[in-house]
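Reading through the structure tokens given below for one structure.
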């Protein structure tokens, strides 16, 4: 069992097969190969809109590169206080932008509410050049809480941003999971809702390393290319990155993989909700389940090595379960059984017994 | 035929097999998996010295990250005027160091001579803080001209650097080719010769994407980790990068692959040397052949699509041929035949004929 | 009347006289002149401790340069949410550090409480290299609210920082005002309390432009010099900056000037406290008075052009009054009279009357 | 005697008087004062063209800020190999641009010849995104060799730049000296000749610290303001910087001061030319004289402490003499006499005698 992260999952067999297929003879380097050259057509079809696509090595790189195009060095990027760009990228946005600032916004379920964002932006009287210039907003789709922005949610934030001349970035490290949940077309939660640049992540979705920055509107493509290169993200053997991105679109592989992950999270959440004392923290809309459990259940989880991360330091204990394309239903069921058993049989917990003795 | 670059080559079957083997179940992310954790032991064996190893996505990233550890933002990095870090990385060293300067050094066959480096360093009176601080020297091994530094060459440069408190970096994008040529142990041209940090490149050697920074001495490993992360180079599914690096060491796969590439370059150079009017430009010590040819031969190469890059704009025309692990001897032979035929039959060249008419 | 800022004040005659005195013949450039060379001795006496002193053009530059020495590009700087480095320097700390992050800490009266800082630092589980490295704390002395840290306050914060390997910076743009209030020796609120680097500001105190970074412990002076130079802050005619710093120490000019400013703030606060409906917001410990006043008083202030800034957008209206070395007691008295008159005579306010009519 | 640099000169009395005049009462901070607000009108008159003017603390800051507006982080700046931006600013351009590269161009008398620049730019095949993007050219007016670009020289370089989409920067640290030499209007060697941005330096000319970036064409003024602020170059008491710039224009003070400096250099050069064995190295067109002298003269200069810098390490010895607004004719004459005396009396030199003995 490994509910630690969708990063701990392996690579889907379809992706490995695609890599193998790409390994035929020589091919032009640095993206001049046939697969890479047709990538923008593939994704323009996917998004029903002409797009520019720039593969990079990681989601962190995608976010930082995208934000570097949207934000000057003296700009401020507004993101949720739990957003990956704010907490988990060791300053990659600051690095790639040349010193911009990530300003955090509070909000339930790890989502930025358009109203709160507007309030926060308006509360600060802009004094040029003393304050940094509000330049971009970054949304995570799905969020770090496993919740999802609807097209209307995105559009509302986009309106707040556009009104102030700010650009909208979407961190789509789990875009596929969000799309499966919403059942909408990719266009609806991206450019149609006002997104300027997207970090499109297929690695958590089941690829080996398939991340890209996607621009929906006019963009200085040379600038992206220069910035990607100096970030060390222009793969020489690009075909192997491109073919993963392409394979995810073929027959909607992304949907199949994310669909399974989401279904496993749903099943897990349903089961845990029925466990006495357990409480699901956020709506389960993607492939993550945050759950508060009594201590005996926490001990049981850890004893059984379910792999989920403890998400707090107090009691009740919060766990984050992440499901992936290869999560087994048997593991979900076993986890639920462990929880039920521990919850219903508090007295039998070894440490509790010891304490009483 | 594709003599354009070793980057246009595919991936060796042993590497693909290793990737497939690594795809067993889940594994801890971000380098905490078993393969990644044993990587430093493997490479410490390889170098007969304790080393720290940090995989990244590209050779450009490896160079820039290594240099960022050796050079402050106000430092100067001395490199050959044809070095990749000076000409081909779009300022990645400048970016990762926070604004250091790459100062170029001239030298035959794309090699820095220790004496010339010393002369150049001494000619500039250091005036703190007006001049940038000479901080590092970077050598390419093998060089951009397909030549190789001997252990003594490296040690002489290292002595010049050390005497002035400067650090020594080696860009080993083609380290395997150099090792095969020298027939020496990896230790001899790296830490024993005074190298502080190495960009170890196995991608050109036949991997999919297997690059790493190797530190031989004391290094602030946390700093490397932080800088790699904010550069967007910490792979989440690190096992797939690590396993490529490891597979190259198994049974000395690197040697087999680079040995073939070097042998093909040798064969090509031998053949071209016998072509009337052709002239090999640099000693052929790795997997590159630079050759000056008369115009009819140039036309024949281009007509036959040998794939080698034209390397100048004048006459005689210079071509760069790069061989790889998968270069076919038949292609080498065919190229030689094309050259011989075109050289021996000058009058028959269409444009030449036209000119005479 | 001009209570807008101590930046709107002019230059004290003693400072102008010192500049004129320095204008004798030629002098070595870039700090090699006699005045600049003895500056560190002067300030070592002032602080009763050997110090390194680096003049720069502005307080923003002093803060950013100091922080660049204490914080790596991947570091986090903890500062109060109202601190100048967090809100008013357009990302100068981010720029000079190469992309560090300023993390804000809440706290009453614009002060960081050691306990709250500790709590915030401990709440965040450090995950190398995903989070930025907590590297420095920056305190403003006096604060943006016109309050002052006691030596014990500073020491408590320093202890929290030191325990976690973090450095302590003090933004002393109004250090003189704090010293006058505390009546302590400069040593007591700086190095003896655990401060590593100080931005020493004498411009608000009455100089033309006299700002410097002061280091109390071991520091790589070459690094400071290099970073200052590349920031464009190495004055060629340094003597004119140095002589201002020196002149402030002569006969404790700084104390005389700051003493007057503080006394004026005291007098103003005393007077305003007696105004019906007025409320002093923060303890008045330096040269700033924040006061909430009823709307008629606000209108009267603006009609009389007292120059104080409105500090909020709601009602009651908050004003910030800043006094300086040249604030006239007559202006203070007139301001109080205006307030009393407007407060006691609400009905007579033109707009109010109109509304009733 | 002090011929070391025009930076070692003091401040002209007219400038000190202007500073004193500006010290009347309070004035709005950060450039909102009356003097600062009319500065752009004054300089628009001076240049006969609408300009934007941004005062900063030093010439290094002016160059770096100007170049940051003209060059992206992935850009290349072409400058003469002896240019201040290339050799003497410790990477300030690299810092402010976020990692651009300064590429050096050779040329006699420290001048870039348009033809050589074109040749160098054309020799490098631009390969996006591997090479840095040629973005700007920077000319020093007057040059580091004390020579001057004519309007035609500038226009020729500007044409080379414009043809390739590159911008033209002029480092005018000694612009006044160049103007006096050329006898032309400021417009003729700046915007009319194709200059986009100028670093206007009046400090060497006799100010205390009066440097500014001047933009002639459309420029994002907010961007300049933001970048200046985060560089720590927005003076709070701006009026004292602005008034110096303004005072230099009043009654053409700049011309009077530079005219004297140039005349002193002329006189010195004339005198030294007549000294046996002495050789003037570059045309004397501004306020610098480079002269090669026999060793006895060198010893005599050093013994008499003329203050001029030795500019090489071999023989004959090269000295750089710099004159300033306050250079005394008596010092010039004495220097010539010293040289003549030492040159005519070689045998009497102590070391020479010793050698013979």
Taking the DSSP beta bridges in chain A as the whole, what percent of them are antiparallel, to the nearest 5?
50
For the range A:86-150, average projected area of the Cα convex hull in nm²
5.1
Go ahead and set up a Gaussian network model of chain C, Cα springs under 10 Å, then flag whichever of C:259, C:344, C:91 fluctuates most.
C:344
Take every residue in peptide B:80-91, count the Cβ atoms of other chains within 10 Å of its Cβ, and give the average of those counts.
5
Between copies, how close do the residue D:276 label points come, placed 7 Å along Cα→Cβ, listed in nm from shortest?
6.6, 10.0, 11.6
Per-residue mean of C-beta atoms belonging to partner chains within 10 Å, peptide C:51-59:
3
For the range B:254-343, place one equal point scatterer on every Cα, skip the solvent, and apply the Debye formula. What is log10 of I(q)/I(0) at q = 0.19 Å⁻¹?
-0.77
For residue B:108, which inter-copy label distances result when the label point lies 7 Å beyond Cα on the Cα-to-Cβ vector, reported in nm to one decimal and in ascending order?
3.0, 7.8, 8.0
Shielding by partners - mean other protein chain Cβ count within 10 Å, residues of C:15-26
4
Just want the ordering: D:311, B:254, from fewest to most Cβ atoms lying within 10 Å of their own Cβ.
D:311, B:254
As I understand it, the value is the acute angle between the Cα axis of helix B:239-249 and the longest principal axis of the Cα atoms of chain B; what does it come to in degrees, rounded to 10?
60
Fewest to most Cβ atoms within 10 Å: B:80, A:282 sort as A:282, B:80
Taking chain A and counting helices only, DSSP H stretches of n ≥ 4 at -39,500 (n - 2.57) each over all residues, the nearest-500 ellipticity at 222 nm comes to -12500 deg cm²/dmol
Here D for the range A:1-98, in µm²/s, from Stokes-Einstein with a Kirkwood Rh over Cα pairs at 25 °C and 0.890 mPa s, works out to 148
The range C:22-251 - percent relative contact order, Cα under 8 Å, separation 6 or more
28
Which distances, in nm and shortest first, link the residue D:218 label point to the same label point in every other copy, taking 7 Å along Cα→Cβ?
1.1, 5.6, 5.7
In a Gaussian network model over chain D where Cα atoms closer than 10 Å are linked, find which of D:108, D:201, D:75 has the largest mean-square fluctuation.
D:108
I'd like the distance between the alpha-carbon centres of the range D:75-143 and the range A:170-201, rounded to an integer number of Å.
43
Once you treat every alpha carbon in the range A:161-219 as an equal point and sum by Debye, what is log10 I(q)/I(0) at q = 0.15, 0.21 Å⁻¹?
-0.46, -0.83
Quotient of C-alpha Rg and 2.2 N^0.38 Å, computed over the range A:160-266:
1.16
Given the rotation that superposes chain A on chain B, what residue of A brings its beta carbon nearest the axis, and what is the distance in Å?
A:57, 2
With all distinct Cα pairs included, what does the Kirkwood hydrodynamic radius of the range C:85-211 come out to in Å, to one decimal, could you say?
15.3
GNM, chain C, Cα, under 10 Å: largest mean-square fluctuation among C:17, C:241, C:110?
C:17
Hydrodynamic calc, the range B:1-54: Kirkwood Rh from Cα pairs, then Stokes-Einstein at 4 °C with viscosity 1.567 mPa s, so D in µm² s⁻¹ is 94
Please give the direction-averaged projected area of the C-alpha convex hull for the protein assembly as shown, in square nanometres with one decimal.
62.4
Listing C:341, D:26 by rising number of other beta-carbon atoms within 10 angstrom, fewest first, gives C:341, D:26
Apply the a/c threshold of 1.5 to the C-alpha gyration tensor of chain B and tell me whether it is rounded, prolate or oblate.
oblate
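Values quoted throughout were computed directly from the atomic coordinates according to the rules given, and no laboratory measurement underlies them. This one's a predicted model, so the numbers in the text were calculated from it and none came from an experiment. Positions of Cβ are generated from backbone atoms using ideal geometry, with glycine treated the same way; all protein chains shown enter the neighbour counts.
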